[in-house]
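Chemist: Below you'll find the structure I mean.
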Amino acid sequence: MKPCLIIGQGLAGSFIALELIKRNIPCFVIDAGDENSASRKAAGLWNPVSFKRITAHDSVHYYLKSLQEHWQRWTPILGDDFLHPLPLVRIFPDQTYANDWDVKSDSPKMAPLLNTPIQEQPPWKMPFGAGIVSQAGWLDVPLYLKKVQLLLSQKSSFLKAQFVWNDLEMHNEGLQYNGQEYSQVIFCTGLFDAHPWLQTIPLIPNKGHLLEITAPHLTPQNIIHYGNFCVPLGSERFRIGSSYEWEKADDSISTDIVQELFMNFGEHCDTQNSLISTYVGHRPTVKDRNPIIGSLPEHPRMAIFNGLGTKGVLQGPYLASLLADHLYQQQPIPKAFSIDRFLNKDRLNTP
Ligand SMILES: Cc1cc2nc3c(=O)[nH]c(=O)nc-3n(C[C@H](O)[C@H](O)[C@H](O)COP(=O)(O)OP(=O)(O)OC[C@H]3O[C@@H](n4cnc5c(N)ncnc54)[C@H](O)[C@@H]3O)c2cc1C
């Protein structure tokens, strides 16, 4: 069987590579190792609940099941030092929100996700109480990517290099790149330059700021969400984030946003702390906030896995399994995630 060529080894490329390996489908991954990729900047949280309206995506239970299966299969092989399952405490902003949480906790969809409210967790201020999301946690994404890359390298299935679009040749039986034959190519390139055939896919950069602080007297029990999140990293360090700026692709650090994140933390947590570092990254996002997977109807050997947006960790394993089912078992992709929603007849056959 000819291998599948995967371009990009961020979260998307890693999840699909491991999904193919699981199915005994050979793959070869090329990644340029860009230090500014979304995955290398990500906070790595997985949280099945959308806090704005205390709701969840229709596919949330599939996301969680696939995520759990992914860790069960891969942590014995890769190790588990990158994985931090941790309850997430949502501090209620007001009484209406607290009441709403109570009501939603009884609904069939949300009941397995929302746990009993808690009252106190000093030095956090919780005048209206707080609730717990137990099926949450955070992934040390850079470390996870490193482990996946090592595994791929051990299988001689990884090359650190810039993929050159013009060197890809297509013929009836497959594809050729650098003298090698492949059955399929999957572009997992995030916000980086897309292949000309994929350039009409509307990916929007969403810029985010993150802070790292030290807080020697803060006990690292849970992830806390108070409008922003605070993730315990160990050794008295905490990650605070993040901001959301649509259609912003620059790398500049805004002192206003840093100050806002820092002050918001101070307003909710009464503890001594100091800022260690600040950084920004860009999420590959889609307007309807759903990822994009699938192959091009006119070139079925060319596929895409992108648009993971703010929830790459939570959604990635389920989407990787849908994409593999589609490419290797001819299963349809649910409309909400399919590339078809961005294809129109005018662009077919135009390189
Ligand atoms: C500040 C911030 C905070 C975030 N927090 C979270 C969070 O808490 N939880 C969460 O789930 N998600 C979070 N995200 C989102 C998450 O990072 C993304 O959803 C995810 O990383 C996207 O992964 P990707 O593989 O699609 O893209 P990327 O990570 O950008 O990967 C693309 C890869 O393709 C490679 N590449 C591109 N072009 C080429 C080429 N021509 N040749 C070779 N290689 C190429 C690049 O080197 C790169 O490694 C956050 C993002 C940011 C910026």
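The values are calculated or read from the model by the stated rules, or taken from the named source; none is laboratory data. Because the structure is predicted, anything quoted here is derived from the model rather than measured. Ideal geometry is used to build each Cβ from the backbone, glycine not excepted, and the neighbour counts take in all protein chains shown. For the accessible areas, the whole protein counts, side chains as well, though only heavy atoms, and no ligand, DNA or RNA atoms are used. Shrake-Rupley method; radii C 1.70, N 1.55, O 1.52, S 1.80 Å.
Chemist: So if each residue of separation counts as 0.36 nm, and I subtract the Cα-Cα distance between Asn36 and Arg289, what length gain in nm does that give?
Modeler: On the way: separation 253, 0.36 × 253 = 91.08 nm, distance 2.17 nm.
Using 0.36 nm per residue and subtracting the Cα-Cα distance, I get 88.9 nm.
Chemist: Sorted by average packing, counted as other Cβ atoms within 10 angstrom per residue and highest first, what order do 81-91, 222-232 take?
Modeler: Top to bottom by mean Cβ count within 10 Å: 222-232, 81-91.
Chemist: Under the rule of at least 5 residues apart or a separate chain, name every residue whose amide H is placed under 5 Å from the amide H of Arg283.
Modeler: Under 5 Å from the amide H of Arg283 lie the amide H atoms of Asn206, Lys207, Gly208, each far enough along the sequence or on another chain.
Chemist: For the chain, set up a Gaussian network in which alpha carbons nearer than 10 Å are linked by springs, and say which option among Thr55, Thr271, Thr96 fluctuates the most.
Modeler: Thr96
Chemist: Here's another thing I want to ask about it. Is the shape of region 102-144 best called rounded, prolate or oblate, per the rule: a/c under 1.5 gives rounded, else a/b larger than b/c gives prolate, else oblate, with a ≥ b ≥ c the square roots of the Cα gyration tensor eigenvalues?
Modeler: Because a/c hits 1.5 or more and a/b fails to exceed b/c, region 102-144 counts as oblate.
Chemist: Further question on the same structure: To test your reading of the geometry: what angle, between 0 and 90 degrees and rounded to tens, separates the Cα axis of helix 141-154 from the longest principal axis of the chain?
Modeler: 30 degrees
Chemist: Accessible area per residue for the chain in Å², computed with a 1.4 Å probe and the full protein assembly in place, what is it? Each step should come with its number before you reach the end.
Modeler: On the way: 16520 Å² over 351 residues.
Result: 47 Å² of accessible area for each residue.
Chemist: Using the alpha-carbon centroid of each, what span in Å lies between region 239-289 and region 25-45?
Modeler: 22 Å
Chemist: Calculated FRET efficiency, Gln121 and Asp81, Cβ-Cβ r, R0 25 Å, to nearest 0.05?
Modeler: Using R0 = 25 Å, I get an efficiency of 0.40.
Chemist: Run the accessible area of region 204-285 with a 1.4 Å probe and give the carbon-and-sulfur part as a rounded percent.
Modeler: Looking at region 204-285 in its full context, I get 48 percent from C and S.
Chemist: Take every DSSP beta bridge whose two residues both sit in the chain, then give the antiparallel share in percent to the nearest 5. Could the numbers behind the result be given before it?
Modeler: Numbers: 51 of 69 bridges.
Percent antiparallel among DSSP bridges in the chain is about 75.
Chemist: Just order 304-312, 286-294, 185-193 by mean Cβ neighbour count inside 10 Å, highest at the front, would you?
Modeler: By packing density, highest mean first, the sequence is 304-312, 185-193, 286-294.
Chemist: For region 236-307, give the magnitude of the charge dipole about the Cα centre (Cβ charges: +1 Lys/Arg, -1 Asp/Glu; no others), in debye to the nearest 20.
Modeler: Rounded to the nearest 20 debye, it is 420 debye.
Chemist: Continuing with the same structure: Specify which residue in the list Asn47, Asn36, Pro317 is farthest towards the positive end of the charge dipole of the chain, using unit charges on the beta carbon of Lys, Arg (+1) and Asp, Glu (-1), about the Cα centre.
Modeler: Final value for the positive-end residue is Pro317.
Chemist: At each listed q (0.14, 0.15 Å⁻¹), what is the log10 of I(q)/I(0) that the Debye formula gives for region 20-160 modelled as equal alpha-carbon point scatterers?
Modeler: So the normalised log intensities are -0.80, -0.87.
Chemist: A further question on this structure: Against the longest principal axis of the chain, how steep is helix 95-104, in degrees 0 to 90 to the nearest 10, with axes from Cα atoms?
Modeler: 50 degrees
Chemist: When ranked by the protection proxy of mean other Cβ atoms within 10 Å per residue, highest first, what sequence do the peptides 238-245, 177-184 form?
Modeler: Answer by packing, highest mean first, reads 238-245, 177-184.
Chemist: Kirkwood hydrodynamic radius, computed over distinct alpha-carbon pairs, for region 204-285: how many Å, to one decimal?
Modeler: Hydrodynamic radius (Kirkwood, Cα only) of region 204-285 equals 13.1 Å.
Chemist: Give the accessible area for Val280 in Å² (nearest 10); use a 1.4 Å probe, count only protein heavy atoms, and leave out ligands, DNA and RNA.
Modeler: 20 Å²
Chemist: With unit charges on the beta carbons (Lys and Arg positive, Asp and Glu negative) and the dipole taken about the Cα centre of the chain, which residue among Ile25, Leu191, Pro291 sits farthest to the positive side?
Modeler: Ile25
Chemist: Near the amide H of Trp46, under 5 Å away, which other amide H atoms are found, from residues 5 or more places off or on another chain, if H is placed in the peptide plane?
Modeler: Result for Trp46 returns Gly137, Trp138, Leu139.
Chemist: Put Glu247, Glu212 in order of accessible area, largest first, 1.4 Å probe: what do you get? Walk me through the intermediate numbers first.
Modeler: On the way: Glu247 135, Glu212 25 Å².
Greatest to least solvent exposure: Glu247, Glu212.
Chemist: Let me ask you something else. Angle check, please: helix 312-329 long axis (alpha carbons) against the longest principal axis of the chain (alpha carbons), in degrees 0 to 90, nearest 10.
Modeler: Roughly 30 degrees between the two axes.
Chemist: Determine, at each q value in 0.07, 0.08 (inverse angstroms), the log₁₀ of I(q)/I(0) that the Debye formula gives when each Cα of the chain is one equal point scatterer.
Modeler: Values, matching the q order: -0.31, -0.41.
Chemist: Below 8 Å, C-alpha to C-alpha, sequence gap of six or more: please give me the relative contact order for the chain in percent.
Modeler: Computed value for the chain: 23 percent relative contact order.
Chemist: Among Ile77, Ile333, Ile25, whose mean-square fluctuation peaks in a Gaussian network model of the chain (Cα, cutoff 10 Å)?
Modeler: Result: Ile77 has the largest fluctuation of those listed.
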